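The block underneath contains the structure these notes are about, expressed in structure tokens.
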Amino acid sequence: MKAAPDDQLRLLDLQALDSALDRLAHRRKTLPELAQIEEAEARQTRLADDIVLIETEDSDLGREQSKLEGDIDQVRTRMQRDQQRLDAGQVGSPRELENLQHEIGTLHKRQSDLEDEELEIMEKREVVQKRLAELRAEQGQIGTTLAELEQQRDSAFAEIAAETEKASAQRAETVAGLPAELVTLYEKVRTSSSGIGAAALHQGRCEGCHLQLNTTDINRIREAPEDEVLRCEECRRILVRTAESGL
């Protein structure tokens with residue numbers, strides 16, 4: 001293939017723009033904020049699940065506490081009624097008096113046991129509610145962190161988009177000034193060569209594969225017409241001669 005030396009040199013400009021666009025695309029995919037957001041969202045999901053479990057536990061303890069409070073009220077009411085009967089002298093016989101006194105004693109014991117159970121439930125619930133408050137505080141903190149990370153991500157995306165738009169416009173202008181056949185070859189080589197379609201020959205070395213050319217290849221390039229499009233024998237990329245090729 002033949003192409004004017006200036007057009008071949010402009011391939012290096014095109015390659016620089018494509019490499020810049022590739023770097024921008026890679027940067028967009030690998031922003032540290034993306035991994036941090038993913039981690040924060042995963043933690044947020046786990047926290048939400050943990051909060052539901054703790055809330056359920058607190059609700060269960062609350063129902064158990066309410067039931068105990070109801071039982072205590074019933075025992076206290078019955079005990080007060082019995083005590084009032086006793087104080088009012090409404091007991092007709094020693095046997096009935098003995099039974100009433102025994103019942104009051106039993107109710108006292110029952111009330112004490114129920115209050116001990118209630119205290120234990122209240123202590124458990126205090127621990128659960130403290131943990132729930134900690135989880136909700138962490139949830140709020142992660143929400144704030146997540147919002148900040150998303151803002152940083154969006155700012156980076158906007159910056160990358162602006163740079164990409166600028167480089168794409170420059171690329172389109174560069175391509176428009178090059179022969180279509182040369183661009184087609186460049187695109188084909190670039191696709192099969194890790195994004196590098198054209199490389200400069202610098203001091204006898206291919207800047208594509210970074211290998212030093214042997215004497216035979218150097219002589220071949222030195223003798224080739226200026227408008228001949230050359231290829232590196234090692235990596236097959238388009239090899240562009242410059243003032244610093246060392247020929």
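Things to note:
- Net lengthening on full extension, residue 76/residue 13 (0.36 nm per residue, minus Cα-Cα): 13.4 nm
- Convex hull of alpha carbon positions in the stretch 96-153: directionally averaged projected area 4.5 nm².
- In this view, the solvent-accessible surface of residue 210, computed with a 1.4 Å probe and all protein chains in place, comes to about 110 Å².
- Annotation: amide H of residue 230 within the under-5 Å range of 239, sequence separation 5 or more or interchain, hydrogens built in the peptide plane.
- The residues of the stretch 1-154 expose, per residue, 65 Å² of accessible area to a 1.4 Å probe.
- Evaluated over the Cα positions of the stretch 134-247, the convex hull gives a direction-averaged projected area, one quarter of its surface, of 11.3 nm².
- Its residue count N sets the reference 2.2 N^0.38 Å, and the alpha-carbon radius of gyration of the chain equals 2.36 times that reference.
- Isotropically averaged projected area of the stretch 24-84, using the convex hull of Cα atoms (one quarter of hull area), nm²: 5.1
- Between residue 172 and residue 144, the simple spin-label model (points 7 angstrom out along Cα→Cβ) gives 4.5 nm.
- Cα gyration tensor shape for the stretch 198-247, rounded if a/c is under 1.5, else prolate or oblate: rounded
- Surface share of carbon and sulfur [accessible, 1.4 angstrom probe, percent] for the chain: 49
- Inter-probe distance in nm under a simple model that places probes 7 Å from Cα toward Cβ, at residue 131 and residue 116: 2.5
- For residue 130, the aspartates and glutamates whose Cα comes closer than 19 Å to its Cα, not counting residues fewer than 8 places off in the same chain, are 49, 50, 55, 57, 58, 60, 64, 118, 120, 138.
- Using the Cβ-Cβ distance between residue 218 and residue 192 with R0 = 25 Å, the FRET efficiency computed as 1/(1 + (r/R0)^6) comes to roughly 0.50.
- If R0 is 25 Å, the Cβ-Cβ spacing of residue 59 and residue 39 corresponds to a FRET efficiency of close to 0.25.
- Projecting the Cα atoms of 201, 189, 107 onto the charge dipole of the chain, computed from C-beta unit charges around the Cα centre, puts 201 farthest toward the positive end.
- Under Karplus coefficients 6.51, -1.76 and 1.60, residue-wise ³J(HN,Hα) of the stretch 70-86 in Hz, glycine/proline x: x, 5, 5, 4, 5, 5, 4, 5, 5, 5, 5, 5, 5, 5, 5, 4, 5
- Taking the DSSP beta bridges with both ends in the stretch 91-247, the antiparallel portion is around 55 percent.
- Cross-linked pairs 2/166; 29/188; 2/188; 29/166: Cα-Cα separations exceed 22 Å for 2/166; 29/188.
- Relative contact order computed over the stretch 110-247 (Cα-Cα under 8 Å; 6+ residues apart), in percent: 19
- What the pair-distance distribution of the stretch 1-130 shows, using all Cα-Cα distances binned every 10 Å from zero, is 10, 18, 13, 11, 9, 8, 7, 6, 6, 5, 3, 2, 1 percent.
- For the chain, the longest piece that avoids every one of the GluC sites (Glu not before Pro) found in DSSP loops with at most 11 other C-beta atoms within 10 Å covers 1-225.
- Per-pair calculated FRET efficiency, R0 = 51 Å: residue 163 and residue 69 via Cβ, rounded to 0.05: 0.15
- Debye, to nearest 20: dipole size of the chain, +1 on Lys, Arg Cβ, -1 on Asp, Glu Cβ: 1040
The values are calculated or read from the model by the stated rules, or taken from the named source; none is laboratory data. Fair warning: this is a prediction, and the values are worked out from it, not measured in the lab. So basically every Cβ, Gly included, is an ideal-geometry build from the backbone, and we count neighbours across all protein chains shown. Surface areas here come from the heavy atoms of the whole protein model, side chains and all, with no ligands, DNA or RNA. Shrake-Rupley method; radii C 1.70, N 1.55, O 1.52, S 1.80 Å.
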